[in-house]
1. Are any residues in the stretch 78-98 more than 30 Å from Val16 (Cβ to Cβ) and open to solvent by less than 60 Å² (accessible area, probe 1.4 Å), and if so, which ones?
2. With respect to the numbered conditions (1) at pLDDT below 95; (2) open to solvent by 80 Å² or more (accessible area, probe 1.4 Å); (3) out of contact with any Gly (no Cβ under 8 Å at 6 or more places or on another chain), which one is the sole condition not fulfilled by Gln101?
3. If you go through the stretch 274-301 one residue at a time, how many are assigned to a loop (DSSP other than H, G, I, E, B), hydrophobic (A, V, I, L, M, F, W, C) and over 19 Å from the mean Cα position of the chain (by Cα)?
4. Assuming Ala218 fulfils every condition listed in (1) within 19 Å of Ile170 (Cβ to Cβ); (2) assigned to a loop (DSSP other than H, G, I, E, B); (3) of a type outside the set (S, T, N, Q) apart from one, which condition is it?
5. What pairs can you find where one residue is in the stretch 1-19 and open to solvent by 50 Å² or more (accessible area, probe 1.4 Å), the other is part of a loop (DSSP other than H, G, I, E, B) and acidic (Asp, Glu), and their Cβ atoms are less than 6 Å apart, with a gap of 6+ or different chains?
6. Do you know which residues across the stretch 221-269 are open to solvent by 50 Å² or more (accessible area, probe 1.4 Å) and in a strand (DSSP E or B)?
7. Among the residues of the stretch 37-52 satisfying the criterion of being over 15 Å from Leu5 (Cβ atoms) and not in a helix (DSSP H, G or I), which is most open to solvent (accessible area, probe 1.4 Å)?
8. Kindly list, by first and then second residue, each pair from a residue in the stretch 226-245 that is closer than 13 Å to Ile208 by Cα and of a type outside the set (Phe, Trp, Tyr) to a residue that is open to solvent by 30 Å² or more (accessible area, probe 1.4 Å) and not in a loop (DSSP other than H, G, I, E, B), limited to pairs with Cβ atoms under 6 Å and residues at least 6 apart or on different chains.
Amino acid sequence: MSYTLGQLAANVHGMVKGDESLVIEKLGTLEKATEQELSFLANPKYQNHLATTSAGAVLVKTEELAQLVDNAIIVPNPYLAFAQLSHLFVPATQCWSGVHQSAVVSSNASLGNDVTIGPNAVIDDGAIIGDGCVIGAGCVIGRGAVIGQNTRLYPNVTLYHDVMIGESCIIHSGTVIGADGFGFAPDQGRWEKIDQLGSVIIGHRVEIGANTTIDRGAIENTLIGNGVIIDNQVQIAHNVIIGDNTAVAGCVGIAGSTKIGAFCTISGGAGLAGHLTIADHVHITAMTMVTKSISEAGSYSSGMGMEPTAKWRRSAARFRRIDSMAKQISELEQQIKKLSDKG
């Protein structure tokens, strides 16, 4: 799988500086790319690598940067161009087509045109799979589930009953969509299960990482908007709503009935309590604990950053004294006020 530099430039509407006929076989980093690989410079702090890189060509932002290498493609956004060109170099991920003989497909399921069903996959009654979908080995598609056209499920994805997936989605291995939400009513020291009667509806062009779980709603549906990207090992509880084009990084936990706006970013390890509302264009930094709603766009953080252990212990000791220190300060303020009044 190879392309000339001119072909790649045309694909991203870039301008070639150097040899348009140069053959590119792979993508690579500035530090390790070979003469047959294309790299990119997105962060200015790596500009010094242009002098030493062995890459056959580099995606750069300006003509000045292009002069530092033998061959370049000049584009307004090198990182975006790199992402677009990555689609051209994806290797084949499976060796079969059509419905594998070991797959179990209900006679009441509906398969569109050019659908691929991998080995040992199970498709239950009433499931609808759109044109061009790829269902990987060992996937389970529950009764009445709907998958939009050109969606790909990697091996061992499980969709429970009545889950709806939009078009052109990518769902990675081990993901479970539509399991019961964590709903129980206390009953004299015991827990009475609340059957989860809603479902999960996922929009178009959504990508979900490996081993992520999205629970079905208790009564209403859990909703994931168009263009949302979700990393590995994320927990999304019942009745959560996530707006269009929001990004959720790895190991985030979102408790039930929280509503997250559009174009938000939630960094790794963050935790969101239940029944909150998060506005559009909110950025939550890594490991933040969100315990109340956020009504205005902006960046939000909580917790303490890393320090040397000895310093952290001193800070923690002082933190435990905050209440008593606050009382002492209040008493000093009152004494100062009395002295000021007498003066």
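The values are calculated or read from the model by the stated rules, or taken from the named source; none is laboratory data. These numbers were taken from a predicted model, which means no experiment stands behind them. Please note: Cβ atoms are built from the backbone with ideal geometry, for glycine as well, and neighbour counts cover all protein chains shown. When the accessible area is computed, the model is the full protein with side chains, heavy atoms only, and any ligands, DNA or RNA have been set aside. Shrake-Rupley method; radii C 1.70, N 1.55, O 1.52, S 1.80 Å.
1. Looking only at the stretch 78-98, we keep the residues that are more than 30 Å from Val16 (Cβ to Cβ), and these are 93-98.
Matches in the stretch 78-98: Gln94, Gly98.
2. Unmet for Gln101, out of (1) at pLDDT below 95; (2) open to solvent by 80 Å² or more (accessible area, probe 1.4 Å); (3) out of contact with any Gly (no Cβ under 8 Å at 6 or more places or on another chain): (1).
3. Narrowing the stretch 274-301 to residues assigned to a loop (DSSP other than H, G, I, E, B): 274-276, 279-281, 285-288, 291-293, 295-297, 301.
Now narrow it down to the ones that are hydrophobic (A, V, I, L, M, F, W, C): 276, 279, 286-287, 297.
Now restrict to residues that are over 19 Å from the mean Cα position of the chain (by Cα): 276, 297.
Result for the stretch 274-301: 2.
4. In the conditions (1) within 19 Å of Ile170 (Cβ to Cβ); (2) assigned to a loop (DSSP other than H, G, I, E, B); (3) of a type outside the set (S, T, N, Q), Ala218 misses (1) alone.
5. Listed pairs, sorted by first residue: Ser2/Glu25; Gly18/Asp70.
6. The answer is Leu223, Ile229, Gln235, Ile241, Lys259, Thr265.
7. First, the residues of the stretch 37-52 that are over 15 Å from Leu5 (Cβ atoms): 41-52.
So of that shortlist, the ones also not in a helix (DSSP H, G or I) come out as 41-43, 52.
On the way: Leu41: 14, Ala42: 56, Asn43: 66, Thr52: 104 Å².
Per the stated criteria, the residue is Thr52.
8. Ile229/Glu207; Gln235/Thr213
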